[in-house]
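Structure first, commentary second.
The values are calculated or read from the model by the stated rules, or taken from the named source; none is laboratory data. What you see is a predicted model, and the numbers here were worked out from it, not measured in a lab. Cβ: placed from backbone, ideal geometry, glycine included. Neighbour counts: every protein chain shown.
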Amino acid sequence: MLLGPAILTGRKWQEATARMEYGTRSIRSAGQGSGSVEVTLPPAFRGLAGLPCRVALRDGLRPELVLQPDLAAARAAFGRLWALLAEAMGIEASVPLPLAECALTLWPAAEAGVGVPRLAWADGIAIAGAAPHPASAVARSVAALAALAARRRGVAPMLVEDFGAAAGHALAGVTLHPARQAACDIAAALLAGSGFEPDAALALAAEDAGSAAFRAAALPRLQRLLDQHLEWTDDPARHAAMVAAWRRGVALELSGA
């Protein structure tokens, strides 16, 4: 049984993720009175509880039953985040949500994305639901969409993913991958030095990532991060010096000096 067609970027990525096995399940009667049958899905699908799904049959030599979840709410949640980023970063409101430029999967990827921002439908479902919203879902979604927005604003390709990670960390307090720790720490220090309280946006995100208060806290932080990354784009040596200083600081901390 397949769970819907993935929307993915790149043939190799699609071939690698289009078919995943989740064990064997039996079809059984839902009760003599109803006439329906049911299948119990593995615990991994708990996040989809209550989500409408279209049921389809792919007939042929190896028939397949397909469950295609209704992801309209997740798509709308991504759209709201994109609108927030577009406003903060000076992107025209008419620019549509660029889902085709992402690698979209049902579940969040375990490894850090390289080159293609990754969005998870499960994160969109979580953000579309009632507050409080999971900080990790907010961070992953903001990071992917912020990277796309940074490209449009002319941030250097080598800084795009760092910007996304920094934006996700600034708004949700989560470092998505150890490889992005420097970007998150440097951005946090930058925001603190610019007078932004480090915990204000995080508390708002935990409460409701769709609230007006969260938007008000997010906009100036995103604007400050964009301005700095554009400066680093024009002066890459300055950014390299910041990263080198961060590494020296980590080395001193680990050595106990």
Only one of 126, 147, 183, 139 is crowded, with 19+ Cβ neighbours inside 10 Å and touching a Leu at 6+ places or on another chain (Cβ under 8 Å); which? 139
Name the one entry in 100, 93 that is out of contact with any Cys (no Cβ under 7 Å at 6 or more places or on another chain), more than 30 Å from residue 177 (Cβ to Cβ) and in the same structural domain as residue 139 (by TED's automatic domain parsing). 93
Out of curiosity, is residue 61 surrounded by 15 or more Cβ atoms within 10 Å (Cβ to Cβ), of a type in the set (A, V, I, L, M, F, W, C) and either out of contact with any Asp or Glu (no Cβ under 8 Å at 6 or more places or on another chain) or at pLDDT below 90 (or both)? no
Selection over the stretch 223-238 where residues are within 15 Å of residue 182 (Cβ to Cβ) and surrounded by 14 or more Cβ atoms within 10 Å (Cβ to Cβ) yields a count of 4
Are there strands (runs of 3 or more DSSP E) fully within the stretch 37-142 with at least 3 residues that are more than 22 Å from residue 170 (Cα to Cα)? List them. 53-58, 64-69, 103-105
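Residues to consider are 147, 135, 192; find the one that is aliphatic (A, V, I, L, M), closer than 20 Å to residue 107 by Cα and free of Cβ contacts under 8 Å to residues at least 40 places away in the same chain. Write out each step before concluding.
Numbers: 135 fails: free of Cβ contacts under 8 Å to residues at least 40 places away in the same chain; 192 fails: closer than 20 Å to residue 107 by Cα.
That would be 147, the only listed residue that is aliphatic (A, V, I, L, M), closer than 20 Å to residue 107 by Cα and free of Cβ contacts under 8 Å to residues at least 40 places away in the same chain.
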